[in-house]
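Please read the structure below before turning to the comments.
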Amino acid sequence: MNFNVRIIHRYLGFFLAGIMAVYAISGILMIFRETEFLKSEKVITKKFPSDIKIEDLGKAIKIRDIKIEEEKDNIVRFKQGTFDRNAGIVTYKAKQYPFILEKMTKLHKATNKQPLYYLNIFFGLSLLFFVISAFWMFMPSSDIFKKGLYFSIGGAILVLILLFI
């Protein structure tokens, strides 16, 4: 049993190395998602029904708390852009990551309605397997195993402390 767990642990680890690197990079980016770090400004134009409510328009273009600054001649102005009610065209500025980084951050935002959902579940279960299988690497009576338990407990305590600070 120990031997088989070690083999699965080893090859699953090699398989997941690339996935872990992508998750690590995208996870770091997610920390800075509310800043302009690595983002560039893009002008985006989209068409909507001319009778759309401004709140619904804000949701559709992913601008929270959209506020009208001025409405004149069926042109609605808001901080990030304009909405032409006659043509149903919204033009606005948004800060976005470069294409590949934008795709990477979607890993952490995936919901159960997206295909990435399955990757996230597989990855989470694989990490859970690593946690459990790591304790099969050494005999429970060995010093390394006992030290490993202390480090594991220390890591869990650190996370708990940081969660409650």
Review point. What is the diffusion coefficient of the range 40-96 in µm²/s, taking the Kirkwood radius over Cα pairs and the Stokes-Einstein relation at 37 °C with a viscosity of 0.692 mPa s?
Key: 293 µm²/s
Study note, to complete from the structure: Diffing the range 132-149: the Karplus 3J(HN,Hα) column from phi (6.51, -1.76, 1.60, θ = phi - 60°), in whole Hz with x for Gly and Pro, holds 6, 5, 4, 7, 8, 6, 9, 5, x, 8, 7, 5, 4, 4, 5, 5, x, 4
Practice item. Normalise the Debye intensity by I(0) for the range 18-63, one equal point scatterer per Cα, no solvent, then take log10 at q = 0.32 Å⁻¹ and round to two decimals. Key: -1.11
Revision key, fill the gap. Quick shape summary for the chain, equivalent ellipsoid via Cα gyration tensor, semi-axes whole Å in descending order, reads 49, 17, 13
Review point. ILE89's amide H: which non-local residues (gap 5+, or another chain) put their own amide H closer than 5 Å, with H modeled 1.01 Å from N in plane and none for Pro or chain starts?
Key: PHE48, ASP84
Check your understanding: Separation between the LYS59 and LEU163 pseudo-spin-labels, each 7 Å from Cα along Cα→Cβ, expressed in nm?
Key -> 3.2 nm
Exercise for review: Using +1 at the Cβ of each Lys and Arg and -1 at the Cβ of each Asp and Glu in the chain, identify which of ALA156, MET139, ALA94 lies farthest towards the dipole's positive end.
Suggested key: MET139
**Study point:** Relative contact order, percent, the range 40-96 [alpha-carbon distance under 8 Å, six or more residues apart]
**Key:** 45 percent
Exercise for review: Report, to two decimal places, the Cα Rg of the range 36-130 normalised by 2.2 N^0.38 Å (N = number of residues).
Suggested key: 1.44
Point to revise | Viscosity 0.890 mPa s, 25 °C: Kirkwood-radius Stokes-Einstein D of the range 82-165 over Cα pairs, µm²/s | key: 139 µm²/s
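None of the figures in this text is laboratory data; all of them are computed from the coordinates on show. None of the values given here were measured: they were computed from a predicted structure. For neighbour counting, all protein chains shown are included, and Cβ atoms are generated from backbone atoms with ideal geometry for every residue, glycine included.
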